[in-house]
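The values are calculated or read from the model by the stated rules, or taken from the named source; none is laboratory data. What you see is a predicted model; the values in this text were computed from it and never measured. Ideal geometry is used to build each Cβ from the backbone, glycine not excepted, and the neighbour counts take in all protein chains shown.
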Amino acid sequence: MNNGNIVEIKDLKKGYDKGRIIALNGININIKKGEFVSIIGPSGSGKSTLLNMIGALDTADRGLISVAGNNLTEKKDLSDFRSKEIGFIFQLHNLIPNLTVLENVIIPMYGTGLKGHEMVSRAIELIKYVKLHDKANRNPTELSGGERQRVAIARALANNPSIILADEPTGSLDSKNGQMILQRLKELHEKENVTLIMVTHDLKVADMAQRTIEVLDGKVQN
Amino acid sequence: MSFIKLMAKNPFRNKARLTLAVVGIAIGIATIVALGMVTEGLKVSIEEQLKAGGADFVVMKNTSSESSSYTIKDNRVDEISKINGVKQAAGIYTSSRVVDGNQLGLAGISVKDLNMLGAKMIQGNAYSDDKNELILGKLAAEKMKKKVGDTLTLNNDKYTITGIFETGNKELDATGVLPLKMLQAMDENNGKVHFIYVKINNNADLKAVSQAVEKAYPGELTTISSIEDFQKANDSLNMVETASMAISLLAIIIGGIGIINTMIMSVFERTREIGVLKAVGWKSRRILGMILGESVVLTLLSGFVGILLGVVGIEAIIMFSDMAMVLTFTPALALKALGIAVIVGIIGGIYPAIRASRLPPTEALRYE
């Protein structure tokens, strides 16, 4: 990490279908630690691919990508990196339906060395943080869309990540619930100094960030 | 919630699929248990019969010889009784008849040798060798509702029941015992016996005497003083055991295929969820362990259900069919059933688990 940058991307290229589809075509970005950045662009512009690359869910074809001091182009097993450094929030909450709210928040903590009771107390703390402590033992199916996304936020924070990656976090919510989720994320960034990178196609949502990066046809627009 | 609890919880998501998978595997396990109980019961019964009465060992036809007949010429009884160390030799002929709708096992033995069966008369007296008389085991008498003085019709001849006996062996107690020559004549098999029960002198060496008998009739006769000897000499128990093993193998294959199908469906439905688990930092081997664990949980549950089904099923079959069969359930049989269940779980779960663990996270997350 140089000059306080938590994310450094140089000439990042990514293609699919044997190179016939170019998703990212030479991306260069630096994101500072504690920064709130939104990535905008139309559908198919490559913004979600870029987010997945930062979260080490996908690998680069060419270029350099370094996140929280980890060179992602060199490492093979990135599960530890994802566990320690990254918290994901998806458009669809992606909670496990047969597990309770508490159990869903515990899920990322397996394999981190925490003992059972430590996992439970950490999860309860996070559920309180998203103001769902009275629903800790409910299943996600019993919650509203906004509540489910709040559980997803709690899950993303489970391992104290240095970066939160949110892919259209309000995309499946009504405006009221969407606003509430954005408020929570903003609070999280301000109070906890977490780096927040959010993909959105909604310009109003993007304006909440300190900086907006526009991606078009796999390239960052200046 | 521990990781094990998580693995145990997941198979219960889709209850209909769980029930079908459990029933499918449980039937295989139940068959293994039921056959195992029959085999173990046969062993116990044979051992009891070997140990019952005064016989120190039993002489049988060597079925590994070229002759396919199981009978021995009854002049061998006299010859064996003259071998050094032999105190008493008794020829036994076995058969069966349907009497009043009931299958009745019959044993023919001369009255002077009845002591060899270890039968204790609880009512009446023994028969006479030259009369149409027989004694009934306690269980046979109860089942047929017969008492001393009643008659039984065997091959159109009436036989008077002169006594009721008890040995403590379920199979022997469900038979009728009658004069050897009467039963041989009834089967038109005069001069033939199936077994020769041998009692040795107090100071004689069991091994030396039994070897002397085998030496006198090489390839023709074999001696049995334990269940292991019986298995060497007689194919029937081995055949049941082989059939049991073949069915166990089939159960493993069929159960394994069923589990592969169930777990593949489960992984397929949970593709997105597996993507999330990867996104939150789960290692591939943890995902592999979870799916494999779920598979084993499913088959272990099937194992317990199968044991219960097998025990209840075979007991019910034996009860309703009026068969006098000893059934033995041992902890080893339960462990074998559960062991097979675990093997099925591992074999059946390994492919879906590998498939799940290798899912690329971005593709899994895009799955709808």
TODO: Take region A:58-68 and flag every residue that is surrounded by fewer than 17 Cβ atoms within 10 Å (Cβ to Cβ) and either within 13 Å of chain B (Cβ to nearest Cβ) or in a helix (DSSP H, G or I) (or both).
DONE: A:T59
Open item on the list: Any residue at all in region A:190-201 that's crowded, with 20+ Cβ neighbours inside 10 Å, out of contact with any strand residue (DSSP E or B) (no Cβ under 7 Å at 6 or more places or on another chain) and touching a residue at least 12 places away in the same chain (Cβ under 8 Å)?
Closed with: no
Open item on the list: If I go through region A:165-197 residue by residue, how many of them are touching a helix residue (DSSP H, G or I) at 6+ places or on another chain (Cβ under 6 Å), aliphatic (A, V, I, L, M) and assigned to a strand (DSSP E or B)?
Closed with: 2
- [ ] Could you please tell me which pairs satisfy a Cβ distance under 8 Å, a separation of 6+ or placement on different chains, a first residue in region B:241-252 that is farther than 17 Å from B:V344 by Cα, and a second residue that is hydrophobic (A, V, I, L, M, F, W, C)?
- [x] B:A243/B:L35
Open item on the list: Name the single residue that is nearest to the other protein chains (Cβ to nearest Cβ) among those in region B:243-284 being more than 17 Å from B:R358 (Cβ to Cβ) and β-branched (V, I, T).
Closed with: B:V280
Open item on the list: I'd like to verify a number: residues in region B:183-207 that are in contact with an Asp or Glu (Cβ under 9 Å, 6 or more places away or on another chain) and assigned to a helix (DSSP H, G or I), how many?
Closed with: 3
Open item on the list: Based on this model, can you work out whether B:I29 counts as of a type in the set (A, V, I, L, M, F, W, C) and within 14 Å of another protein chain (Cβ to nearest Cβ)?
Closed with: no
Task: Search result, residues across region A:139-159 that are outside any helix (DSSP H, G or I) and away from chain B (no Cβ under 12 Å) - done: A:L143, A:S144
TODO: All but one of (1) at the interface with another protein chain (Cβ under 8 Å from one of its Cβ atoms); (2) within 21 Å of A:L188 (Cα to Cα); (3) modelled with pLDDT under 90 hold for A:Y129, so report the exception by its number.
DONE: (1)
Open item on the list: Taking the conditions exactly as written (among the aliphatic types (A, V, I, L, M) and under 22 Å from A:S38 (Cα atoms)), does A:L185 satisfy them or not?
Closed with: yes
Task: From the options A:L72, A:L78, A:L24, residue that is farther than 22 Å from A:D217 by Cα, within 14 Å of chain B (Cβ to nearest Cβ) and in contact with a strand residue (DSSP E or B) (Cβ under 6 Å, 6 or more places away or on another chain) - done: A:L72
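Condition check ((1) hydroxyl-bearing (S, T, Y); (2) surrounded by 14 or more Cβ atoms within 10 Å (Cβ to Cβ); (3) modelled with pLDDT under 80; (4) part of a helix (DSSP H, G or I)) across all residues:
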site	(1), (2), (3), (4)
B:V209	no, yes, no, yes
B:A212	no, yes, no, yes
B:G219	no, no, no, no
B:T222	yes, yes, no, no
B:L237	no, yes, yes, yes
B:E241	no, yes, no, yes
B:S244	yes, yes, no, yes
B:L249	no, no, no, yes
Open item on the list: Considering only region B:285-296, I want to know if a residue exists there that is away from chain A (no Cβ under 14 Å) and under 32 Å from the mean Cα position of the chain (by Cα).
Closed with: yes
Task: region A:169-184: number of residues that are in contact with a strand residue (DSSP E or B) (Cβ under 6 Å, 6 or more places away or on another chain) and aliphatic (A, V, I, L, M) - done: 0
- [ ] Please determine, by comparing only the residues of region A:43-57 that are in a loop (DSSP other than H, G, I, E, B) and either modelled with pLDDT under 90 or over 19 Å from B:L277 (Cα atoms) (or both), which one is nearest to the chain's Cα centre (by Cα).
- [x] A:G46
Open item on the list: Six or more apart or on different chains, Cβ atoms under 7 Å: show the pairs whose first residue is in region B:86-106 and within 14 Å of B:L139 (Cα to Cα) and whose second is of a type in the set (K, R) and assigned to a strand (DSSP E or B).
Closed with: B:L104/B:R97; B:L106/B:R97
- [ ] Could you tell me whether region B:160-182 includes any residue that is over 20 Å from B:A119 (Cβ atoms) and not in a loop (DSSP other than H, G, I, E, B)?
- [x] no
Open item on the list: If I ask for residues that are surrounded by fewer than 23 Cβ atoms within 10 Å (Cβ to Cβ), facing chain B (nearest Cβ under 8 Å) and modelled with pLDDT of 90 or more, which ones from region A:86-101 would you list?
Closed with: A:I96, A:L99
Task: For A:A123: the one exception among (1) more than 8 Å from chain B (Cβ to nearest Cβ); (2) farther than 26 Å from B:T271 by Cα - done: (2)
Task: region B:274-285, subset surrounded by fewer than 21 Cβ atoms within 10 Å (Cβ to Cβ) and touching a residue at least 40 places away in the same chain (Cβ under 8 Å), residue nearest to B:I346 (Cα to Cα) - done: B:R285
Open item on the list: Scan region A:69-76 and tell me whether some residue there is under 22 Å from B:R366 (Cβ atoms), part of a strand (DSSP E or B) and among the aliphatic types (A, V, I, L, M).
Closed with: no
TODO: Show the residue pairs that are 6+ apart or on different chains and have beta-carbon atoms under 7 Å apart, the first residue being within region B:331-348 and charged (D, E, K, R), the second being in a helix (DSSP H, G or I).
DONE: B:K336/B:G36
